[in-house]
Each structure stands twice: as structure tokens, then as C-alpha cells.
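J.: I have a structure I would like to understand better, so I am pasting it below and will then ask my questions one at a time.
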Amino acid sequence: MTCHCCNDARPDPANYRLFADGCLHCAARRIQYIQRRLPLDQQTKAARCRSALAQALELGLPEAEIRSMAKRAEWQLAPVK
């Protein structure tokens, strides 16, 4: 089943601000959102990204995959099934 937050974000993922716990794509998109959309200084952005990553890791999501996905140019959304 596709994540409901990913489905809701499809029309405008750059501005959709809800992220489902336990969804790999939402975890990566949350970090992308922090990095790209929040008007914060670099130090604050880095701290927020670390916090978001730590929360995802607590839910058992894979760190390497989240980091890789968050670096991609396209906004991350779960594939439509």
C-alpha cells in the first residue's frame, strides 16, 4: 500500500508539510523540505535534519537509504502501486 502522505503530496511535494512515521520516502522528503524550504540558517537546518534523521532511525528506517534519497534533486514520493 502506498503511503497516504506521499499520495497527498503528489500535486505539490515541495509545499506539502505532512510526513508519515515509518515511511522511507516521507523521511527523505522531510529532510529535503528542511534543507530546501525552511528559511533557517545553515546551523539550524543541520540540527533539524539530524533530529529528523534520528527520529526516522528510531523507527527502524535505513540511514544510508534516507541520506541517499534526501540528496536527490527530485522530491521523494513512494511509488504508486
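The values are calculated or read from the model by the stated rules, or taken from the named source; none is laboratory data. Keep in mind that this is a model prediction, so the values were computed, not measured. Every residue, glycine among them, receives a Cβ derived from its backbone with ideal geometry; neighbour counts consider all protein chains shown.
J.: Which numbered condition in (1) aliphatic (A, V, I, L, M); (2) surrounded by 11 or more Cβ atoms within 10 Å (Cβ to Cβ); (3) touching a residue at least 40 places away in the same chain (Cβ under 8 Å) is the only one that Ala46 fails?
T.: Exception for Ala46: condition (3).
J.: Here is a further query. Just one of (1) in a helix (DSSP H, G or I); (2) within 11 Å of the chain's Cα centre (by Cα) trips up Asp21, so point out which.
T.: (1)
J.: Collect the residues in the stretch 50-76 that are under 9 Å from Ala28 (Cα atoms) and assigned to a loop (DSSP other than H, G, I, E, B), keeping them in residue-number order.
T.: Across the stretch 50-76, the qualifying residues are Trp75, Gln76.
J.: For the stretch 2-18, state whether one or more residues are surrounded by fewer than 21 Cβ atoms within 10 Å (Cβ to Cβ), aliphatic (A, V, I, L, M) and free of Cβ contacts under 8 Å to residues at least 60 places away in the same chain.
T.: Yes: the stretch 2-18 contains one or more residues that are surrounded by fewer than 21 Cβ atoms within 10 Å (Cβ to Cβ), aliphatic (A, V, I, L, M) and free of Cβ contacts under 8 Å to residues at least 60 places away in the same chain.
J.: Tell me yes or no: at least one residue of the stretch 25-41 is surrounded by fewer than 17 Cβ atoms within 10 Å (Cβ to Cβ) and closer than 20 Å to Glu58 by Cα.
T.: There is no residue in the stretch 25-41 that is surrounded by fewer than 17 Cβ atoms within 10 Å (Cβ to Cβ) and closer than 20 Å to Glu58 by Cα.
J.: Applying the selection to the stretch 56-68, what residues are closer than 20 Å to Arg37 by Cα and either in contact with a Ser or Thr (Cβ under 9 Å, 6 or more places away or on another chain) or surrounded by 13 or more Cβ atoms within 10 Å (Cβ to Cβ) (or both)?
T.: Going residue by residue through the stretch 56-68, those that are closer than 20 Å to Arg37 by Cα are 56, 66-68.
Passing the criteria: Ala56, Ile66, Arg67.
The rows are residues; the columns are (1) farther than 17 Å from Ala14 by Cα; (2) modelled with pLDDT under 95; (3) touching a Lys or Arg at 6+ places or on another chain (Cβ under 7 Å).
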{"site": "Ile31", "(1), (2), (3)": "no, no, no"}
{"site": "Leu38", "(1), (2), (3)": "no, no, yes"}
{"site": "Asp41", "(1), (2), (3)": "yes, no, no"}
{"site": "Ala54", "(1), (2), (3)": "yes, no, no"}
{"site": "Glu58", "(1), (2), (3)": "yes, no, no"}
{"site": "Leu61", "(1), (2), (3)": "yes, no, no"}
{"site": "Ser68", "(1), (2), (3)": "yes, no, no"}
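J.: Tell me whether the stretch 69-79 contains one or more residues that are buried (at least 17 other Cβ atoms within 10 Å of the Cβ) and without any contact (Cβ under 8 Å) to a residue 40 or more places away in the chain. Walk me through how you get there before you give the answer.
T.: Filtering the stretch 69-79 for residues buried (at least 17 other Cβ atoms within 10 Å of the Cβ) gives 69-70, 75-78.
Pick out the ones that are also without any contact (Cβ under 8 Å) to a residue 40 or more places away in the chain and you get none.
No, that holds for no residue.
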